[in-house]
């Protein structure tokens, strides 16, 4: 936890801390910098420390001195660029900022880059907060996490935006504690293993959704105090739910109280304005040529895992980190010292980040949102990789949604969009993300992307969900998609909970819950998610009928299921498919089940296999196939006849 200073010698950082900070390897710099409740020489107060190397002078201003910085001037520590001050008598809850005198004599106020708590926007002061008061009750989860193997376990991630999952009748936000009491049971009951939160770090503008940050060390005060957010995470863990945060190390917003031109000069951003600017977002990039930026950001990742027990990060916009010109939004082209497009220092930062995180938290989840073909994103750094352990498979999402939005009668022309992913599915450890990015800015909801009439839209969406859940890779679904939200995500209002009044949405909600439970029971759907032997095509080439058939295998011999997806509106009787072994097969799941809103064309009886080779398999069987549906079969065994587990 955050340290308490108990003697005067610890007011200033040690020479070793300063050395590591300027080397870019002080990975718990939140102990050294920021505002800390402390005791010095028997007096209780607050110790302040800030990095502002180009400032002529720095003071602490707040309510306690009528915002007059001349009353509490900070002292510069040697030539370190770090300024410190201990103010006796101050306590947690005090508002403060740093009054900085820039190189040209100009004075301005800045929020603390290491503040643990901030005023509710539009106010911008930092607030002294003691993070060591909360009593955790997630010991069982933390012990479980120490033995958790994310690669060979089911992973179902529920992505959500805190401010729009549910709102009060008057439009106000629910607090961290209030949401915990509503959300966590809902997510756990629906079978999800993790919640992924869009950024909750302090940010000034609601509609940036947290992706333009001013307070990297402070959970936003919109929803309550830091201890309230700890309560939320604690309750998730007590209910067996992991928590993943969206984390944004690529850029920061330009608001006057934030990191931009922090000491009167470009400090957190590059001095070169072309390299500093991110025109498409109107923000500043971080300057990874400065080692201190690595200390700041890597410490931030460690901080959330250390102090808040966070289980992992989805690292935002990795492509914009590793490429100088990715998503710039203007015509300028920037090159590195070798004349190329790669941000060499940012690549080095990512490797250092992952090495540091996994050294301290070996079972962390580090997920890259990386949209290009950069190789070895999830390979260890010693093997030439970036060192993440998961990558979002955005190529699969793009292709499969393009396919699903094609009218059924024309899908045979774009069949490759369904099958191409298997050429690279095991090149990285993938997460398949149906995220917020797919349902905003006029892109429509998943349901409304589907072609056809009302009934066919739901049939298509059940089929898409089944392919999503049976395709290799871990799973992520954005909030509202679990009950077939018809409108795209509206960030200013809550989800359309009124849809539960309609039977069709109730049945779709039951479908996603039952499929989530089915997925977790079927070890063959996740046990070898990132290994080639987990998948085998039976028939990938039936573009004429828009049908694919494949096998998902588990680790044990005979642990497999057969999945058939029919993307056409045509039903088939006595449709022959190849199977790998002789005996009887039973249908164990169908998206056409009437319970889910389907037509009810099921294979209700066990199916005897024929000794007739087909689809390059030694045996085959005839089945019924409903339209716009997925059906899943498993070989009938003595264990299953006795009621054994799937």
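Quick note: the coordinates plus some simple rules give every number you see, no bench work behind them. This is a predicted model, so every value here is computed, not measured. Ideal geometry is used to build each Cβ from the backbone, glycine not excepted, and the neighbour counts take in all protein chains shown.
A few remarks follow.
- Mean-position separation - Cα centroids, segment 231-301 and segment 316-343, in angstrom: 17
- Fully extended contour minus Cα-Cα distance, from residue 19 to residue 136, at 0.36 nm per residue: 38.8 nm
- The order of 173, 232, 614, going from fewest to most other C-beta atoms within 10 Å of their C-beta, is 614, 173, 232.
- Only beta bridges with both residues in segment 187-290 are counted; by DSSP, about 60 percent of them are antiparallel.
- Mean Cβ count within 10 Å, highest first, over the residues of peptides 241-252, 335-346, 127-138, 271-282: 241-252, 127-138, 271-282, 335-346
- Computed FRET value (nearest 0.05) for residue 71 with residue 348, which takes r as the C-beta separation and R₀ as 51 Å: 0.75
- Computed FRET value (nearest 0.05) for residue 414 with residue 443, which takes r as the C-beta separation and R₀ as 22 Å: 0.75
- Angle in degrees between helix 291-308 and the longest Cα principal axis of the chain, rounded to the nearest 10: 60
- Between residue 541 and residue 334, full extension at 0.36 nm per residue minus the direct alpha carbon distance yields a gain of 70.2 nm.
- Seen against the Cα atoms of the chain and their longest principal axis, helix 454-470 is set at about 70 degrees.
- The candidate values are [x] 163; [y] 247; [z] 154; the one derived from this structure for volume of the Cα convex hull per residue in Å³ carries the label [x].
- In this simple spin-label approximation, residue 56 and residue 206 carry label points 7 Å from Cα along the Cα→Cβ vector, and these lie 4.2 nm apart.
- Residue 510/residue 181 FRET efficiency (R0 25 Å; Cβ-Cβ; nearest 0.05): 0.60
- Take every pair of alpha-carbon atoms less than 8 Å apart whose residues are at least six positions apart; their mean separation over the length of the chain yields a relative contact order of 10 percent.
- Beta bridges from DSSP with both residues in the chain: antiparallel share about 70 percent, rounded to the nearest 5.
- Helix 176-189 axis, angle to the chain major axis (alpha carbon atoms, nearest 10°): 20
- As a rough footprinting exposure proxy, the listed residues 36, 415 were ranked by other beta carbons within 10 Å of their own, and the order from fewest upward is 415, 36.
- Calculated [θ] (222 nm, deg cm²/dmol) that DSSP helices of n ≥ 4 give over the chain, each run adding -39,500 (n - 2.57): -6500 deg cm²/dmol
- Nitroxide proxy distance, nm - points 7 Å out along Cα→Cβ at residue 454 and residue 571: 2.1
- Cα gyration tensor category, rounded, prolate or oblate, for segment 392-439 with a/c compared to 1.5: oblate
- Residue order, fewest to most surrounding Cβ atoms within 10 angstrom, among 139, 237, 144, 72: 139, 144, 72, 237
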